[in-house]
Amino acid sequence: MSLVDTPAVKRLADWDGDRLERLATEYDTPLYVTDLDRIRENFARFESAFDFAHVMYAAKANTGQAVVRTLYDAGADIECAAAGELYRAIEAGVAPEDLQYTAVNPPDRDLDYAVDLWADTPELTVTAGASMTLDRLEERGFDGRLAIRVNPGIGTGHHEKVATGKDAKFGIPYEEVPELVESARERFEFVGLHAHVGSGVLSGDLDDHRRALQKVADLAARVGDLEFLDLGGGFGVPYRPDEPPLDIEAAAEMVREVTADVDATIALEPGRYLVADAGALLTRVNTIKETPETRVVGVDGGLTSLIRPAMFDSYHHIRNISGGDREPVTSSVGGPLCTSADVFCTDRPIPRSEAKDLLAIGNVGAYGINLASQFHSQPRPAEVAIDGEDERVTRRRETFEDLTRLENEAPGNR
Ligand SMILES: *Cc1c(COP(=O)(O)O)cnc(C)c1O
């Protein structure tokens, strides 16, 4: 089977339960498991559908070295939305000329870093979403490749917190773009327009997404003389087991139609689509409590391992690896933190859990491990990458010593 003809989604049920059980025993829990082969499949399928476009990986979805390197080796350039991401990508082995930097309210430190990088690597493109960012780049002597991020005034996606296309924080107000482009052409090597309008777009959202992208494409045709039009990421994955995957061929056809009159390279920056279903979070049950309403299932992972349910009300499917064929009972699965937000699911029918069972939480490859925190003095989880038969630890588990390390290094605590 070629990489392109692989299933549109890897469901939690498709993971090898025996292997997950063995990994949890060997490396302890909570544990992120990342399937690098699946990432390669997702990239190949995306690139084949969008064979007319330049595809970059938006690294913030999962900035792990193994992930960035896998996608870079597969042929993706890397889109970074922070200087720290540029730094990490370079550490992972990405050549600076294959990076793009999108500056959102960039701290001075980030602009200094990007401009230093550009001094050695004139291929670097910087995308600015505020006219003051152009001024701040110019002050630093930057006169290189510059793109302007457009705010089309329409957002799309699965949650208002990710519908960036109508959020005033992102991009230049639509009507002001042509004038700023004129100014940018005089001060920089102006190369393109950029828009990233939302996230989690599934087939049912394609019409909305088309409207937002059409507005941006119309503007690109109006502005003219562009090297590229970058339409961002936002391609979604199904989080629920019965939800159909995004029809990527239909999405590609939509982008092709929308950009038919644009005489420029079309660029895209998928994040979630490439990595989400390549990740599972393993967590072990430590406490069972029967209450009148629900079976409370206490696990060792919590919102500090995976914050998406608490932050975005996201659904993540849960599979009982130790007893998948047991009869379902209404359960609420939550972690060790003293906040009611620390739940992976509430009153959901899942196979009856017992103490010491291993649970797997699905679709955590995007916006999972990089949002982990030490809140409530929780050491962050480890990560194991699986690559065919091969497995290796790609992030070690934090220890209690890691919790106090930065304070112990600070002069004020000596
Ligand atoms: C987050 C982000 C992306 C990727 O978004 P996904 O929804 O993960 O595809 C692409 N471009 C920019 C500028 C971003 O900030």
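Here the average projected area of the convex hull drawn through the C-alpha atoms of the stretch 1-79 stands at 6.2 nm². Counting only Cα atoms, the size of the stretch 186-232 along its three principal axes is 41, 18, 13 Å, in decreasing order. When only Cα pairs below 8 angstrom with a gap of at least 6 residues are kept, the chain shows a relative contact order of 19 percent. For the chain, the alpha-carbon coordinates run over 68, 58, 41 Å along the three principal axes, in decreasing order. Ordered by the count of other Cβ atoms within 10 Å of each Cβ, fewest first, C338, C80, C345 give C338, C345, C80. As a size descriptor, the averaged projected area of the C-alpha convex hull of the stretch 1-141 was calculated at 10.9 nm².
Note: relative contact order over the stretch 212-307, using C-alpha pairs below 8 Å and six or more positions apart, is 28 percent. In the chain, the longest principal axis of the Cα atoms and the axis of helix 177-187 are about 70 degrees apart. Here is the tail figure for the stretch 157-278: Cα pairs spaced more than 25 Å apart come to 25 percent of all pairs.
With each label modelled as a point 7 angstrom along the Cα→C-beta vector, the D263-D73 pair spans 4.2 nm. Relative to the longest principal axis of the Cα atoms of the chain, helix 36-49 runs at roughly 40 degrees. For each pair in K60/K356; K10/K60; K10/K169; K10/K289, compute the distance between the two Cα atoms and list the pairs where it is over 28 Å. Pairs exceeding the cut-off: K60/K356; K10/K169; K10/K289. Dimensions of the stretch 36-274 along the principal axes, based on C-alpha atoms and rounded to the nearest Å, stand at 53, 39, 31, largest first. Relative to the 2.2 N^0.38 Å rule of thumb, the stretch 44-125 has a C-alpha radius of gyration ratio of 1.08.
For helix 400-409, what angle does its Cα long axis make with the longest principal axis of the chain, in degrees from 0 to 90 and rounded to 10? Value to nearest ten degrees: 40.
Look at where the Cα atoms of the stretch 1-58 and of the stretch 266-315 average out, and the two centres are 17 Å apart. Translational diffusion of the stretch 277-407 was estimated from the Stokes-Einstein equation, with Rh taken as the Kirkwood radius over Cα pairs; at 4 °C and 1.567 mPa s the coefficient is 84 µm²/s.
For the stretch 170-238 versus the stretch 102-137, the inter-centroid distance based on Cα atoms is 19 Å.
Rule-based calculations on the coordinates, nothing more; no lab input. Everything numeric here is computed off the predicted structure, so don't read it as measured data. Every residue, glycine as well, gets a Cβ built from its backbone with ideal geometry; the counts of neighbours run over all protein chains shown.
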